[in-house]
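Undergrad: One structure, as structure tokens, below. Some questions next.
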Amino acid sequence: MQVCCIIKSMVKLTIQENDGNQRLDRFLKKYLKNAPLSYIYKVIRKDVKVNGKRAKIETLLHEGDELTLYMEEKTLHGFVRQSKNIKVKKQFRVAYEDSNLLIVEKPFGLLTHGNASEKKNTLANQVTGYLQQIGEYQPGREKTFAPAPVNRLDRNTTGLVLFGKNSRALQSLNQMMREKGDISKWYLTIAAGEIKSPLVLVDKMEKDASKNRISVLPADAPEGKQMETIVRPIEVKNGFTLAEVELITGRTHQIRAHLAAAGFPIIGDAKYGRKSVNARMGERFGLTTQLLHAYKLKFNCPQQPLEYLTGKEVIAELSGNFERIKREIFD
């Protein structure tokens with residue numbers, strides 16, 4: 001009786017700079033993007049070595065490590081993510097750029113990431129295409145890395161979004177965003193009602209994913225996640241306030257829900273705003289969505305390799321529509 005066996009190919013990969021400093025399982029989830037999770041864990045148990053030795057899920061990969069995969073070539077080809085050049089019209093403006101990061105001004109109406117209704121024309125894809133055009137990102141040379149945003153703005157919120165241009169910078173930026181106070185974030189908005197003095201809003205929130213909406217709960221509520229927002233009035237006139245809002249935490253819809261709960265909803269906000277005010281703003285200015293602009297970022301305690309940014313501030317100009325509405329209300 002003849003026994004047939006499948007001969008697995010042996011593929012060797014050298015971990016490059018943008019692939020290092022990540023766990024083996026996370027590397028393989030990105031490299032074998034089309035493989036099911038069960039297959040990834042099976043590969044780690046039976047069909048992978050790091051520097052000639054068996055490795056564990058949590059094994060940390062470093063630049064220069066040699067990864068050996070034992071699998072059929074056809075299977076590997078089917079699971080590996082295919083690199084592609086992205087061609088999307090550039091709509092953003094560059095607010096700041098260096099070799100490690102890019103800060104862009106997102107325009108009104110553009111998604112930061114793709115969703116079920118729009119996968120191609122997103123800010124993330126536009127930035128990726130831009131970096132390809134200037135030669136700072138070559139997907140064919142990368143196994144797992146792609147430039148990515150570290151903060152997210154709603155489709156109709158304008159302003160500053162940060163992108164890491166290499167793996168080390170992206171990891172640092174993500175960590176800084178998680179650490180309270182490492183990066184300060186300020187927004188400008190116009191609220192209904194007159195805010196006479198600064199507000200320090202500290203509450204908790206719960207998210208209803210089915211409605212894409214959050215509820216504001218008391219700070220001492222047993223459930224929910226804490227959120228903190230500081231609101232400083234700049235101009236107060238005719239029942240409206242031009243306000244600077246500082247985000248201490250970064251929850252979904254935090255500014256919109258927090259201001260509404262405090263009695264000062266953002267004008268134009270259909271989800272959390274006041275219908276009567278929104279109707280007037282629609283008639284007067286054609287405003288149909290929240291007027292909110294992420295206008296300033298400051299690097300307070302940047303981590304390696306971004307220490308040179310300590311004290312750096314980046315500001316995004318107001319959109320023409322925001323500037324027009326501000327002028328007509330407050331001048």
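Undergrad: Count charges around LYS207 for me, please; just the other residues with Cβ under 15 Å from its Cβ, Lys/Arg as +1, Asp/Glu as -1.
TA: Charge balance in the 15 Å sphere: +3.
Undergrad: May I pose another question? Which percent of the Cα-Cα distances in the chain go past 26 Å?
TA: 57
Undergrad: Tell me which of PHE145, ALA243, VAL231 sits at the most positive position along the dipole axis of the chain, charges placed on C-beta atoms (Lys, Arg +1; Asp, Glu -1).
TA: PHE145
Undergrad: Oh, and also: With charges set only on the Cβ (+1 for Lys and Arg, -1 for Asp and Glu), what does the dipole of region 183-330 come to about its Cα centre, in debye to the nearest 20?
TA: 380
Undergrad: With +1 on each Lys and Arg Cβ and -1 on each Asp and Glu Cβ, how big is the dipole of the chain about its Cα centre, in debye rounded to the nearest 20?
TA: For this selection, approximately 1140 debye.
Undergrad: With angles folded into 0 to 90 degrees, how steeply does helix 320-330 sit against the dominant principal axis of the chain? Use alpha carbons for both and round to 10.
TA: 30
Undergrad: Still on this structure, please answer the following. Test of the criteria: in region 160-244, which trypsin sites (Lys or Arg not before Pro) are in a DSSP loop and have at most 15 other Cβ atoms within 10 angstrom of their Cβ?
TA: Values: sites: LYS165, ARG168, ARG178, LYS180, LYS185, LYS196, LYS204, LYS207, LYS211, ARG213, LYS225, LYS237; in loops: LYS165, LYS180, LYS196, LYS211.
Loop-located and lightly packed - LYS180, LYS196, LYS211.
Undergrad: Could you calculate the contour length gain from PHE330 to ILE230, that is, 0.36 nm times the residue separation minus the distance between their Cα atoms, to one decimal place in nm? Intermediate results must be reported in sequence, preceding the final value.
TA: Numbers: separation 100, 0.36 × 100 = 36.00 nm, distance 2.18 nm.
Gain in length upon complete extension: 33.8 nm.
Undergrad: Students often forget the sequence filter, so: which aspartates and glutamates lie under 20 Å Cα-Cα from LYS74 once same-chain residues fewer than 8 apart are removed?
TA: ASP47
Undergrad: Straight-line reach from LYS56: which lysines fall under 23 Å, measuring Cα to Cα and dropping same-chain residues less than 8 apart?
TA: LYS8, LYS12, LYS29, LYS30, LYS33, LYS42, LYS46, LYS143
Undergrad: Provide the FRET efficiency to the nearest 0.05 for the MET177-PHE92 pair, computing r from the beta carbons and using R0 = 25 Å.
TA: Working: r = 19 Å, r/R0 = 0.78.
Once rounded, the FRET efficiency stands at 0.80.
Undergrad: LYS298: which lysines have alpha carbons under 18 Å from its alpha carbon, excluding same-chain residues fewer than 8 sequence positions away?
TA: The qualifying lysines are LYS106, LYS180, LYS185, LYS312.
Undergrad: Around ALA257, with a cut-off of 14 angstrom between Cβ atoms, what is the net charge of the other residues, counting Lys and Arg +1 and Asp and Glu -1?
TA: +3
Undergrad: Of SER276, PRO222, LEU297, which is farthest along the charge dipole of region 183-330 in the positive direction, counting Lys and Arg as +1 and Asp and Glu as -1 at C-beta?
TA: SER276
Undergrad: Now for a different question. Taking the Cα centre of region 9-79 as the origin, how large is its charge dipole in debye, to the nearest 20, when only Lys and Arg (+1) and Asp and Glu (-1) carry charge on their Cβ atoms? Could you put the intermediate results ahead of the total?
TA: Details: 14 positive and 10 negative charges, 76 e Å.
About 360 debye.
Undergrad: When the convex hull of the C-alpha atoms of region 93-178 is computed, what volume per residue in Å³ does it have?
TA: Taking the convex hull of the Cα positions in region 93-178, it is 107 Å³ per residue.
Undergrad: Also, quick follow-up: Once you've got the GNM for the chain with C-alpha springs shorter than 10 Å, pick whichever of TYR137, TYR41, TYR96 has the biggest mean-square fluctuation.
TA: Ranking TYR137, TYR41, TYR96 by mean-square fluctuation puts TYR41 first.
A short reminder: the numbers here are calculations on the coordinates, not readings from a lab. Keep in mind that what you see is a predicted model, and the values were worked out from it rather than measured. Using ideal geometry, Cβ is built from the backbone for each residue, glycine included, and neighbour counts are taken over all protein chains shown.
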